[in-house]
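Please treat every number below as a calculation from the coordinates, not as lab data. Because the structure is a prediction, the values reported are computed rather than measured. When we count neighbours, we look across all protein chains shown, and the Cβ atoms used for this are built from the backbone with ideal geometry, even at glycine.
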Amino acid sequence: MLTPLFFRRVLPCFWLGLALFSHSLMARAALPIQHWTQASGAKVYLVESHGIAMLDVQIDFDAGGRRDPADKVGLASAMSRMSGKGLAARPGAVALDENQLSEAWADLGAVFTVSAGSDRLTFSMRSLSYPDLLAQSVALAARQIGEPAWPDAIWQQERERISASIRESDTRPATVAAKAFRAAVYGPHPYGLETTPASLARITTADMQQFYAQHVQPCRAKVSVVGDVTRAQTDALVTALLARLPQRDAARCQALPAVAEVQPLGAPVNRSLAFDSAQAHVLIGQPGYKRSDPDFFALTVGNYTLGGGGFVSRLTTEVREKRGLTYSVYSFFAPGLHAGAFTIGLQTRPDQAAQAVEVARSVLAKFVAEGPTDAELKAAKDNLVGGFALRIDSNAKLLDNVANIAWNNLPLDYLDTWTAQLEKITAADIKAAFSRKLQPERMVTVVLGAGP
């Protein structure tokens, strides 16, 4: 008989062995994705992987920060945190506090997490696929998804803890710069709103329950599964995971209200923030693009050359190597359901901040105007295509990719065609895409700690 001691001491070594085996298995090829919609409306995406006795599940709901009420920013995040603070008593199931719930997962040797990002609320479960253990893990996960206790006393403590963490974080220059940058890039859009002690003070456990009931419904679920299960087993598993949520006919699942899009900048925005810091923090950027944008591959390849390729990027060459203005400079896009920010970031000596900004802006403007050279294009493709296997070399990474396909309604053969999509990108494609998405003359520039 397997005991709790086995799961706590022996199982971590087993997980390591599974991970190493999974690395070699998944690096060979992208596996076919099966997709279907249940009667409840839940959309299921499955990759069968029977080489190891393991299962990874991710359930996503449109219940992230973009759905927060304007006067209660942080509600989705607080709700996700509180959903794991205990389970309510139900007929045939006793109440569990946070410690008891944690012990129950440890005894099963399984892992269950809840998180909320800007766009989605995510439940994740990892379990061995042995029938007796998996059944128990699914039953416990179903309770955590469908029967959170929402203990008010615990929320009062958590709210104070989160508020203290926010106040402490606001003493750090990187945090202050990032908040100013997001506010300028996104304006009133939810992506730019910040959780504060004041907004947390307005959030109650009743708010969490109402928000949860509105958004966390089977008909709104996108469920991604990777592991040692068949389609029939997966269908039954998903039904069980969502069984303790209120059940509605899929046809009665009303669409959630639309969220406004991020508005483009009408003019450049410059923010100079005084801060006693040894380094000046510089952020330059503007709204970028949605994840569903057809320019995704061109922008991915192009950004590798601009600032995403580390020491081989143009920004590193011009700002660090040639002028010694910084140790590290980077650029990236952060696409979501709405246009996520394009960002250039660096730190430099306060007396060099103006020069660093000028050089970074110049590099960006030239790249948008001219695009990459043939040599830069080849180097970017070689790196990205050569590194593709590392994107799917474990169950967890493959699950992340499958969930990305599910969440963004990407083609089911997305992983199979990923390298081909990259390979066909031309320098002209990159130049055109960057010209459509970025306007170097209308950037947000935040410089914190540069002095007078």
Requested in this report: Post the alpha-carbon centroid distance, the range 182-247 to the range 61-88, in whole angstrom.
Outcome: 8
Query raised in the report: Using the Cβ atoms and a cut-off under 14 Å, what net charge is assigned to the surroundings of A380, where Lys and Arg are +1 and Asp and Glu are -1?
Result: 0
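For the chain, how many pairs of lysine residues have a Cα-Cα distance under 12 Å, where the two are 8 or more positions apart or belong to different chains?
5
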Query - Rg over Rh [alpha-carbon atoms, Kirkwood Rh] for the range 4-252 - result: 0.99
Report task. Tell me the label-point distance for the pair A206, E160, using the 7 Å Cα-to-Cβ offset, in nm and rounded to one decimal. Result -> 2.3
Report task. Could you list the trypsin sites (Lys or Arg not before Pro) in the range 98-198 that lie in coil according to DSSP, counting only those with at most 14 other Cβ atoms within 10 Å of their Cβ? Result -> none
Query - Contour excess over end-to-end distance, with Cα ends at V94 and D132 and 0.36 nm allotted per residue - result: 11.6 nm
Query raised in the report: Once label points are set 7 Å from the Cα along Cα→Cβ at both D71 and Q355, what is their separation, rounded to one decimal in nm?
Result: 5.2
Report task. Treat every Asp and Glu Cβ in the chain as -1 and every Lys and Arg Cβ as +1, leave all other atoms uncharged, and give the resulting dipole magnitude about the Cα centre to the nearest 20 debye. Result -> 460
Requested in this report: With r as the distance between the Cβ atoms of A379 and R172 and R0 = 35 Å, compute the FRET efficiency 1/(1 + (r/R0)^6) and round to 0.05.
Outcome: 0.50
Query - Sequence-separation-based contact order of the range 48-131, relative, with Cα cut under 8 Å and 6+ spacing, percent - result: 42
Requested in this report: Report, in degrees rounded to the nearest 10, the 0 to 90 angle that the Cα long axis of helix 11-26 makes with the longest principal axis of the chain.
Outcome: 60
Query raised in the report: In nanometres, what is the gap between the two model label sites at H50 and A240, each 7 Å from Cα along Cα-to-Cβ?
Result: 1.9
Query raised in the report: If only Cα atoms are counted, what is the Rg of the range 379-452, and what is its Dmax, in Å?
Result: 17.6, 54
Query - Ratio Rg/Rh, restricted to the range 269-448 and using Cα atoms, in which Rh is the Kirkwood radius - result: 0.99
Requested in this report: Can you tell me the order of 240-248, 98-106, 391-399 when each peptide is scored by its average per-residue count of other Cβ atoms within 10 angstrom, highest first?
Outcome: 391-399, 240-248, 98-106
Report summary line: Mean separation of Cα contacts under 8 Å (at least 6 apart) over the residue count of the chain, i.e. the relative contact order in percent, is 22
Query - Debye-sum result for the chain in log10 I(q)/I(0), which assumes one identical scatterer on each alpha carbon, at q = 0.11, 0.12 Å⁻¹ - result: -1.02, -1.18
Report summary line: Residues other than G451 with Cβ under 11 Å of its Cβ, Lys/Arg counted +1 and Asp/Glu -1, net out at -1
